[in-house]
Amino acid sequence: MRLYILGICGTFMGSLAQLAKALGHDVSGSDAGVYPPMSDQLLAAGIELTEGFAPEGIPTDVDLVIIGNAMSRGNPSVEYVLDRGIPYTSGPQWLGEFVLRGRWVAAVAGTHGKTTTASMLAWILEYAGMKPGYLIGGVPQNFSVSARLGDSPFFVIEADEYDTAFFDKRSKFVHYQPRTVIMNNLEYDHADIFPDLAAIERQFHHLVRTIPASGQIVLPAGEEALERVLKQGCWTPVQRIEQNLGTSACEWQWRLDSDDASRFSVMYQGEDTAHVNWSLSGLHNVRNAVAAMVAARHMGVTPIVSAEALGQFQSVKRRMECVSGDASIRVYDDFAHHPTAIATTLAGAKAQQSTKQPNGGRLFAILEPRSNTMKLGRHKDQLAGSVASADKAFWFQPADMGWSLAEVAERCDIPAQVYSDLDELVTAVVADARPGDWIVCMSNGSFQGLSKRLAALVGGYK
């Protein structure tokens, strides 16, 4: 088929475009921002790109237009497609019908940790020789691209709860029909489309309704929102995981073997079954890893093999990614965009820093609250507490945010400053930083290349 993709340079749609190309389709598309790294991946795949949404870019002999969820009514290309009756669909629906149908789909859902956990699971299957396909909303460093078809029935997908398209307000994941599902957690987010947490729980219940009785759901014990989802109805076996704190309520448990979580053990029915020694840190990553191990077991991989794979796991670009090499001042780039993600990431970073540098070193958190939910102020009461593990916080005030970060900085228990000029922020951080310090740049946007810029100034970009 001749396919044209509107909004082709987003992580999901760009990855979908590469899968379509690999299937033999003629693929082209357009976006308002055609820029690296996705533009480079698409051009390397032989996919023609058009800047902007002028209808002239749509081929006259197009068979199907795939419309990204960033597109809305009033967009010139959208109006052109509707006026002329050109066949169209959404990205998730096309993926479900043309890539996932007939495959063993493993979906990773949740407010936090989807990209990392999906990357872990895909790598475990790859390490086990199962050659899975995958589509992940980031770049797993054990692989070279964010999506591939694979050479087996297995397919791992990051299952996003965001809406599907302007004409389909269901969450994307209802189109995937997975057999194995990880639900990491569930908190309120996406305030631009969901009025409250209950609305998101309803979408997660729609996902649960699509999982067969022969499938499996994996989730952490004690997640109240996820338990409310299951109480709405569940027809699939559920495996819960928890930290071993002297109880035995869950069949699957884990135990820290080092304070920074770089070593941990996994227990099944009270017996040690695998030990992991890896490069990551933080309790959140341990929870992600154990969930991936339990899901992989459902797909045929033993915990021992999963543990070996995790020992070689290289994480994901922009998830506590060190961009300064072995410089005396380390700079990290991180995607955290929710108070819970910020808090857990910084706690893990501080624990790892304390282990690697027992003689000291400060942790700087540099944050840009950029998501739609942040800009609406829905999480502002939790932001001050989210940086408690850091030694200093530098807040960047986006120009289009309708409230001031000054009130957040005032409530911080650590020294905190607010900047609306990025150059001034950079000058302040560089002047304050000294050998042994770790600097973590946190934003779900590009942050104007801040992490690379700081790394170049304090020790050299890797």
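The values are calculated or read from the model by the stated rules, or taken from the named source; none is laboratory data. Source: prediction; values computed, not measured. Neighbour counts run over all protein chains shown; Cβ positions are idealised from the backbone, glycine included. These accessible areas exclude ligands, DNA and RNA; they are computed on the full protein's heavy atoms, side chains included. Shrake-Rupley method; radii C 1.70, N 1.55, O 1.52, S 1.80 Å.
With the structure loaded, tell me whether residue 195 is loosely packed, with under 14 Cβ neighbours inside 10 Å and at pLDDT 95 or above or whether it fails that test. So residue 195 does not fit the description; no.
Within region 135-142, is there a residue that is touching a residue at least 24 places away in the same chain (Cβ under 8 Å), outside any loop (DSSP other than H, G, I, E, B) and either of a type in the set (D, E, K, R) or open to solvent by 30 Å² or more (accessible area, probe 1.4 Å) (or both)? Within region 135-142, none of the residues are touching a residue at least 24 places away in the same chain (Cβ under 8 Å), outside any loop (DSSP other than H, G, I, E, B) and either of a type in the set (D, E, K, R) or open to solvent by 30 Å² or more (accessible area, probe 1.4 Å) (or both).
In region 170-184, is there at least one residue being modelled with pLDDT under 90 and closer than 13 Å to residue 109 by Cβ? Within region 170-184, not a single residue is modelled with pLDDT under 90 and closer than 13 Å to residue 109 by Cβ. For region 34-43, the criterion of being of a type outside the set (Phe, Trp, Tyr) and in contact with a Phe, Trp or Tyr (Cβ under 9 Å, 6 or more places away or on another chain) is met by no residue. Out of all the residues in region 182-190, is one or more among the acidic types (Asp, Glu), in contact with a helix residue (DSSP H, G or I) (Cβ under 8 Å, 6 or more places away or on another chain), closer than 28 Å to residue 309 by Cβ and in contact (Cβ under 8 Å) with a residue 24 or more places away in the chain? No, region 182-190 has no match at all.
Residue by residue through region 437-461, note down the ones that are outside any loop (DSSP other than H, G, I, E, B), out of contact with any His (no Cβ under 8 Å at 6 or more places or on another chain), within 21 Å of residue 138 (Cα to Cα) and not hydroxyl-bearing (Ser, Thr, Tyr). Result: 440, 441, 447, 448, 449, 450, 452. The helices (runs of 4 or more DSSP H) found entirely in region 1-97 that carry 1 or more residues being over 16 Å from residue 135 (Cα atoms) are 38-44, 76-83. On the basis of being charged (D, E, K, R) and under 23 Å from residue 210 (Cα atoms), does residue 114 make the cut? Answer is yes for this residue.
Cβ separations smaller than 9 Å between residues 6+ apart or across chains give the following pairs from region 45-74 residues that are under 24 Å from residue 145 (Cβ atoms) to residues that are part of a strand (DSSP E or B) and among the acidic types (Asp, Glu): 49/31; 50/31; 51/31; 68/31; 69/163; 69/168; 70/31.
Identify the residue in region 355-372 that is within 16 Å of residue 420 (Cα to Cα) and part of a loop (DSSP other than H, G, I, E, B) and, among all such residues, is modelled with the highest pLDDT. Checking each candidate, the answer is 368. Among the residues making up region 306-320, a single one is free of Cβ contacts under 8 Å to residues at least 60 places away in the same chain and either surrounded by 20 or more Cβ atoms within 10 Å (Cβ to Cβ) or assigned to a helix (DSSP H, G or I) (or both): 307.
If the condition is being open to solvent by 40 Å² or more (accessible area, probe 1.4 Å) and either touching a Gly at 6+ places or on another chain (Cβ under 6 Å) or not in a loop (DSSP other than H, G, I, E, B) (or both), then region 373-405 contributes 375, 380, 381, 382, 385, 392. Only one entry in 122, 107 is over 18 Å from residue 7 (Cβ atoms) and assigned to a helix (DSSP H, G or I), namely 122.
Filtering region 329-344 for residues that are open to solvent by 30 Å² or more (accessible area, probe 1.4 Å), at pLDDT 85 or above, over 17 Å from the mean Cα position of the chain (by Cα) and not hydrophobic (A, V, I, L, M, F, W, C) leaves a non-empty set.
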